[in-house]
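Below you'll find the structure, written out as structure tokens, and then a few comments.
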Amino acid sequence: MSGKPKFYLTTPIYYTNGLPHIGHTYTTVVADVIRRFKRMRGYEVLMTTGTDEHGVNVERAARNAGIAESEFVARMADAWRALWDELGLSAEEFVRTTDLRHVRTVQWLFKQCKENGYVYKGHYTGLYCIYDNLFVNEPKPGNLCPDCDRPLEMLTEENYFFKLSAFQKPLMDFYRKNPDFIQPETRRNEILSFVEGGLKDLSITRTTVRWGIPVPSEEPHVFYVWFDALTAYLTAVGGPEHEKRGFWPCDLHLVGKDIIRFHTVYWPAFLMAAMVPLPKQVWAHGWFLMDDKKMSKSKGQVVLPRPIANMLGADALRYFLLREVVFGQDGNFSYEALVTRYNSDLANGLGNLASRTAAMIEKNFVGRIPKAGKLQPQDEALAKETQSAIGDVLEHFEALSFARALEGIWAIIAAADKYLTTEKPWSLGDSEDDVQRKTNVLATTAELLRIVTVLAHPVLPDSTAKIWTLLGQPGKVSDIELDGLRWGQLKTGVQLGVAQTLFPRVEKNEAIERMESMTNEELNPAPGPAPAASATATSGGAAVASAPAATEKIAIEDFAKVEMRVGQIKTAERIVGADKLLKLTVDIGTEIRQVCAGIAQYYAPETLIGRKVAVVTNLAPRKLRGVESNGMIIAASVGPEGRPVLAGFHEDVEIGSRLK
Ligand code: MSP
């Protein structure tokens, strides 16, 4: 037992008939920021996410993919989990609704509701699509299926019903007693008027769906997907034994506005019926739109998180999502706004403040953090401004007003920039007075930077950890207790740590083009198998010939199709957002080509200039991590890691000579 107060928060569990886009990432990022913030406020935090794997849509998607449902959902769950890992967003608990522990919890919850008299058997009659296997609430004119346009049929099926109607009054009483249960206020009003309008009983099992959790001894009944999915929040913290772990009732369910009714009407009603304590709060955020429209993968109108994280870093993605829109409202996503904010707030703002402060301390104090002497009024004013911002920023975070919290932090950064511009420590000389002044100005700036680093940590975990190291401060920034954060705690006399790149400035058009191009690569992966030589963007293993011996023989005419020439490397540079790739320009005799090669981890760019290499010159051009590659450099793939070793020549060969 840690003795710390517990805090339990959840994201929705995501449907497995598709892969995550920026909208899903948004909910998970918000949950992660709250998790880190609460930890720094002394809580033991548990975060749950997962995958919602049952229902007709999954059945259909698996059929389209030509594999069994269980195989399909396993692959999808892996893909979701992998993305969260990659973005640093893994939760303590990941519930798959096909997990046995979850199946047991759903069956248990149903039993409780039934034993308490809130479940009865009845019949449901409605318009049904026999092709898609689903009841349709809003048919197209002429009673056609909105999905497949085929005629619907009136069908009656046996269902178990949940007595939702019995909970109108208990729910209204609960909302009144717990005015903060539904957030924000507008959503609360919406739900209150919905419940006031009366509640109909809800069918919670299906006999027309196959891919679901079976109702014990009642085959072919399976549970309705929402009865199944909502229960995942309980599964994560012990299911029927939720009391043992001490995380239930849940402190915060984070959801999108589209699923608020399920969370604030059905879910508390199920729990009341089962006599399980109710969650404390449900917070509905708005949607990220593209050109004011809902994102749609099928229309290609979608923003993916990975290309942004590759290009600008996961921290930049997090910052943008939280800074750009008021939490709770809808917002438009635009790459233009993303890159503008990146360059202004992160590269020029925080990144620049950190690197120039460190550079001045390095130059003037041999890299040791100076200790302030007697401060002047302008130093004290900045200290006061920063100190008073701390409380405001913490309050904004606590209220989930992320944009305002970040505004508050960036106002301090702006104040520091202004202070440096006025004080001009770089123009001071070596007289005793000047040195004293430099000491105070840089000590003041370093202390401000330390406070900014701590406050921004929940949103920018990677970069603030780097700044913490740079400032030579002891321990980890994530271990700092926010409630004890004050001006004057900077550890002085310590040596600056290693400077690492924070937010390199990017050229707007190029960055946008590359992110769009990476999105395209991810949505339309290149067909066929992807050995290292085919330079898949994910492996980043561009242009390295793969080792496996071909068992099949090819004719000489086949080999003759490949045009290989001697090329000479003219320039070589690293690519931001692609650690494995180098961008080369290669003279192949008739022209100079741009070629990307997956050798960045083994060859320093400057060592390659002038080197003669073998180049495949008649490959169709393609983009790797958004950068055009027009050809391929031949390399051996050595050892279990496939270390690339460039093919070369022991005698001098003329540039452009053909390899045969
Ligand atoms: N499986 C259900 C949730 C069950 S929870 C017991 C579901 N899944 S979902 O994958 O469709 O959506 C999950 C979350 O992503 C929802 O909160 C939804 O609001 C959010 N978003 C999906 N697209 C979004 C945007 N474009 N913008 C912001 N969030 C959006 O619903």
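Values as computed for the structure displayed
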| item | result |
| --- | --- |
| Within segment 569-581, considering residues that are over 19 Å from Glu513 (Cβ atoms) and buried (at least 20 other Cβ atoms within 10 Å of the Cβ), the one farthest from the chain's Cα centre (by Cα) | Ile569 |
| Odd one out for Arg318, checked against (1) surrounded by fewer than 18 Cβ atoms within 10 Å (Cβ to Cβ); (2) touching a residue at least 12 places away in the same chain (Cβ under 8 Å) | (1) |
| Filtered residues of segment 106-159 (kept if open to solvent by less than 50 Å² (accessible area, probe 1.4 Å), touching a strand residue (DSSP E or B) at 6+ places or on another chain (Cβ under 9 Å) and among the polar types (S, T, N, Q)) | Gln107, Asn159 |
| Failed item in (1) of a type in the set (D, E, K, R); (2) over 19 Å from Glu516 (Cβ atoms); (3) surrounded by fewer than 18 Cβ atoms within 10 Å (Cβ to Cβ); (4) under 20 Å from the mean Cα position of the chain (by Cα), with Lys297 passing the rest | (2) |
| Filter result (in a loop (DSSP other than H, G, I, E, B) and either over 16 Å from Met76 (Cα atoms) or open to solvent by 60 Å² or more (accessible area, probe 1.4 Å) (or both)) within segment 4-21 | Lys4, Pro5, Asn17, Leu19 |
| Residues of segment 507-525 satisfying the condition of being more than 15 Å from Val303 (Cβ to Cβ) and either loosely packed, with under 14 Cβ neighbours inside 10 Å or within 21 Å of the chain's Cα centre (by Cα) (or both) | Glu507, Asn509, Asn524, Pro525 |
| Segment 261-285 residues that are within 18 Å of Gly246 (Cα to Cα), paired with ones that are among the acidic types (Asp, Glu) and open to solvent by 10 Å² or more (accessible area, probe 1.4 Å) (beta carbon under 7 Å, 6 or more apart) | Lys280/Asp251; Gln281/Asp180; Gln281/Asp251 |
| Residue within segment 22-37 that is away from the ligand (no atom under 16 Å from the Cβ), at pLDDT 95 or above and open to solvent by 20 Å² or more (accessible area, probe 1.4 Å) present | yes |
| Residue that is outside any loop (DSSP other than H, G, I, E, B) and more than 26 Å from Arg505 (Cβ to Cβ), where the choices are Ala358, Ala381 | Ala381 |
| Flag if Ile599 is under 20 Å from Met515 (Cβ atoms) and open to solvent by less than 80 Å² (accessible area, probe 1.4 Å) | no |
| Flag if Met1 is modelled with pLDDT under 95, of a type outside the set (D, E, K, R) and either away from the ligand (no atom under 13 Å from the Cβ) or open to solvent by 60 Å² or more (accessible area, probe 1.4 Å) (or both) | yes |
| Residues within segment 265-289 that are under 26 Å from Gly197 (Cβ atoms), within 12 Å of the ligand (Cβ to nearest atom) and not in a loop (DSSP other than H, G, I, E, B), tallied | 7 |
| Residue within segment 216-239 that is part of a loop (DSSP other than H, G, I, E, B), touching a helix residue (DSSP H, G or I) at 6+ places or on another chain (Cβ under 6 Å), within 16 Å of the ligand (Cβ to nearest atom) and modelled with pLDDT of 95 or more present | yes |
| Any hit, segment 163-172, residues being in a loop (DSSP other than H, G, I, E, B) and exposed (fewer than 12 other Cβ atoms within 10 Å of the Cβ) | no |
| Considering residues of segment 247-260 that are buried (at least 18 other Cβ atoms within 10 Å of the Cβ) and under 17 Å from Val225 (Cα atoms) only, the residue farthest from the ligand (Cβ to nearest atom) | Ile260 |
| Residue match in segment 401-411 (condition: surrounded by 16 or more Cβ atoms within 10 Å (Cβ to Cβ), modelled with pLDDT of 95 or more and farther than 27 Å from Asp180 by Cβ) | yes |
| In segment 615-659, the residues that are loosely packed, with under 13 Cβ neighbours inside 10 Å and within 29 Å of Glu513 (Cα to Cα) | Asn618, Ala620, Pro621 |
| Scope segment 82-102; condition part of a helix (DSSP H, G or I) and open to solvent by less than 30 Å² (accessible area, probe 1.4 Å); matching residues | Leu83, Trp84, His102 |
| First in segment 158-175 and modelled with pLDDT under 95, second anywhere and crowded, with 16+ Cβ neighbours inside 10 Å and outside any strand (DSSP E or B), Cβ under 7 Å, 6 or more apart | Glu158/Thr207 |
| Residue in segment 55-62 that is of a type in the set (Lys, Arg) and either in contact (Cβ under 8 Å) with a residue 24 or more places away in the chain or within 15 Å of the ligand (Cβ to nearest atom) (or both) present | yes |
| Single unsatisfied condition, Lys244 versus (1) within 16 Å of the ligand (Cβ to nearest atom); (2) part of a helix (DSSP H, G or I) | (1) |
| Yes/no for Lys612 being touching a residue at least 40 places away in the same chain (Cβ under 8 Å), closer than 24 Å to Met311 by Cβ and open to solvent by 40 Å² or more (accessible area, probe 1.4 Å) | no |
| Flag if Gly475 is open to solvent by 20 Å² or more (accessible area, probe 1.4 Å), free of Cβ contacts under 8 Å to residues at least 12 places away in the same chain, on the phi > 0 side of the Ramachandran plot and not aliphatic (A, V, I, L, M) | yes |
| Flag for Glu395 being of a type in the set (Asp, Glu), closer than 30 Å to Tyr26 by Cβ and part of a helix (DSSP H, G or I) | yes |
| Residue satisfying all of: in segment 99-156; over 27 Å from Thr235 (Cβ atoms) and acidic (Asp, Glu); farthest from the chain's Cα centre (by Cα) among these | Glu153 |
| Residues of segment 118-136 that turn out to be of a type in the set (A, V, I, L, M, F, W, C) and within 24 Å of Gln168 (Cα to Cα), as a count | 1 |
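The values are calculated or read from the model by the stated rules, or taken from the named source; none is laboratory data. The shown structure was predicted, so the numbers you read here are calculated from the model rather than taken from an experiment. Glycine gets a Cβ as well: all are built from the backbone with ideal geometry, and neighbour counts include every protein chain shown. The accessibility values were calculated without ligands, DNA or RNA, using every heavy atom of the protein model including side chains. Shrake-Rupley method; radii C 1.70, N 1.55, O 1.52, S 1.80 Å.
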